[in-house]
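Novice: Sharing a structure below in structure tokens format, with a few things to ask.
The values are calculated or read from the model by the stated rules, or taken from the named source; none is laboratory data. Computed from a prediction, not measured in an experiment: that's the story for all the values here. No Cβ is skipped: glycine too gets one built from the backbone with ideal geometry, and neighbour counts run over all protein chains shown. Accessible surface areas use protein heavy atoms only, side chains included; no ligands, DNA or RNA. Shrake-Rupley method; radii C 1.70, N 1.55, O 1.52, S 1.80 Å.
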Amino acid sequence: MIPVVLLLCSFFLSFCLGLLLIPNILLISHKKHLYDLPDRRKIHKGQIPQLGGTSFFPAILISICLSIAISTKLGVLPKDPLYENTLVEFLFLMTGSMFLFLIGIADDLIGISYSYKFLVQLIAACLLVFAGDWFNNIGGLFGYCAIPSYVGIPLTIVFIIYVVNAINLIDGIDGLASGLCIISLSTLGLMYFILRHYVYAALAFATLGVLIPFWFYNVFGNEQKGHKLFMGDTGSLLLGYILGFLVLRLGIAVPTGEFHSRQLVMAVSPLIIPLFDVVRVVIFRLRHGKNPFLPDNNHFHHKLLRSGMGPHTVLFFILVVCIFFLGVNYVLVDKMTVAWLLLLDIVLWVLMHLILDMFVHRGKK
């Protein structure tokens with residue numbers, strides 16, 4: 001019962017901090033005219049504050065630190081080397097989070113070149129490796145299970161950067177990135193709770209707590225009354241980093257060599273849309289001779305908007321698709337190998353886009 005209470009406390013503390021911080025961020029943004037100005041790629045027309053993500057890191061840091069401190073005082077968390085290693089992990093994680101938080105603020109306020117952002121992402125990813133975390137098992141994908149460190153370490157760095165950018169790039173309409181992250185964090189938090197890894201569960205629920213009030217401000221906030229705001233790169237980079245870390249921890253076999261591919265599949269499943277969309281968009285840009293790192297309007301949500309859907313309909317549709325992939329993988333994860341399940345997900349993704357392209361083409365006629 002005590003772990004449940006502590007996890008609820010981490011969630012509600014973060015939730016309350018979000019409710020406290022967001023109105024003040026709105027007030028400061030309007031007074032200092034810190035807005036995300038509309039352009040040809042963006043669907044909003046007004047001047048919307050884009051510093052909502054600045055509420056994430058303080059709320060998560062305070063909540064998770066208090067959760068760990070209270071857990072330790074109450075004797076809920078074991079006092080053994082494994083627990084001490086978890087604390088080291090969190091020190092590296094929070095250091096990397098601070099780097100991304102700062103570069104995100106700088107980018108939202110004055111704009112930062114992609115090369116600088118990539119360098120900070122690389123440093124943040126390497127910090128997790130320094131903490132001793134890297135993929136040492138891929139669950140039979142491509143015919144491999146256990147993998148050596150010289151493969152696992154670069155794979156881990158690429159994966160963390162991949163997830164960070166996937167969340168950043170999917171943040172194109174109100175509530176989309178935060179909505180997908182809410183589904184993913186709920187899944188990860190529940191998985192870690194079932195596995196009795198309460199520190200990681202507390203991190204997932206603390207992040208979830210601050211996201212929920214932001215999501216309502218972002219989706220339902222009244223623009224005319226100044227109640228609407230965006231998370232900006234400050235929020236999306238941080239969310240991608242935390243999600244990448246939580247997935248990574250489920251992709252590490254324990255010292256005995258035991259590894260459950262089911263856990264890794266279910267951890268990645270809610271992130272299929274942003275992860276697959278990045279690959280699709282990069283391939284599209286390369287085929288058309290464009291810089292793969294420069295933004296465009298060919299993301300999944302842009303295609304849905306061109307099909308005639310409104311922003312809220314697009315949001316609802318994508319969240320339903322996310323839950324669909326999660327459900328399909330949950331049902332089939334014990335019946336198929338990881339490789340075949342990945343192939344099925346790719347086929348479903350491609351079929352969905354072919355059908356969508358048909359509707360977009362018809363709409364242009």
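Novice: Whether any residue in segment 147-169 is crowded, with 24+ Cβ neighbours inside 10 Å, among the hydroxyl-bearing types (Ser, Thr, Tyr) and in contact (Cβ under 8 Å) with a residue 60 or more places away in the chain is what I want to check.
Specialist: Within segment 147-169, none of the residues are crowded, with 24+ Cβ neighbours inside 10 Å, among the hydroxyl-bearing types (Ser, Thr, Tyr) and in contact (Cβ under 8 Å) with a residue 60 or more places away in the chain.
Novice: Here are some conditions: (1) modelled with pLDDT under 80; (2) within 17 Å of Ser184 (Cβ to Cβ). Phe300 meets all but one. Which one does it not meet?
Specialist: (1) is the only condition that Phe300 fails.
Novice: Go through segment 141-186 and give me each residue that's aromatic (Phe, Trp, Tyr) and at pLDDT below 90.
Specialist: Phe142, Tyr144, Tyr150
Novice: Yes or no: Ser307 at pLDDT below 90 and among the hydroxyl-bearing types (Ser, Thr, Tyr)?
Specialist: Yes; evaluated as a whole, the condition is true for this residue.
Novice: Further question: Applying the selection to segment 326-339, what residues are more than 15 Å from Leu264 (Cβ to Cβ) and either hydrophobic (A, V, I, L, M, F, W, C) or part of a helix (DSSP H, G or I) (or both)?
Specialist: Once the filter is applied, which keeps residues that are more than 15 Å from Leu264 (Cβ to Cβ) and either hydrophobic (A, V, I, L, M, F, W, C) or part of a helix (DSSP H, G or I) (or both), segment 326-339 yields Gly327, Val328, Val331.
Novice: Restrict the check to segment 87-98 and report whether at least one residue is modelled with pLDDT of 80 or more, surrounded by 14 or more Cβ atoms within 10 Å (Cβ to Cβ) and small (Gly, Ala, Ser).
Specialist: Checking segment 87-98: at least one residue is modelled with pLDDT of 80 or more, surrounded by 14 or more Cβ atoms within 10 Å (Cβ to Cβ) and small (Gly, Ala, Ser).
Novice: To continue, here is another question. Restricting to segment 265-296, count the residues that are at pLDDT 85 or above and surrounded by 13 or more Cβ atoms within 10 Å (Cβ to Cβ).
Specialist: Total satisfying the criteria: 18.
Novice: Then there's this: Would you mind telling me which numbered condition in (1) over 30 Å from Leu66 (Cβ atoms); (2) open to solvent by less than 50 Å² (accessible area, probe 1.4 Å); (3) assigned to a helix (DSSP H, G or I); (4) of a type outside the set (Val, Ile, Thr) Leu180 fails?
Specialist: (1)
Novice: So, in segment 313-365, exactly how many residues are at pLDDT below 90, within 23 Å of Ser186 (Cβ to Cβ) and surrounded by fewer than 16 Cβ atoms within 10 Å (Cβ to Cβ)?
Specialist: Looking only at that region, the number is 1.
Novice: Is there any pair with a first residue in segment 98-123 that is over 16 Å from Pro58 (Cβ atoms) and a second that is among the basic types (Lys, Arg) and at pLDDT below 95 whose Cβ atoms are under 6 Å apart and which are 6 or more apart or on different chains, and what are they?
Specialist: Ile103/Lys117
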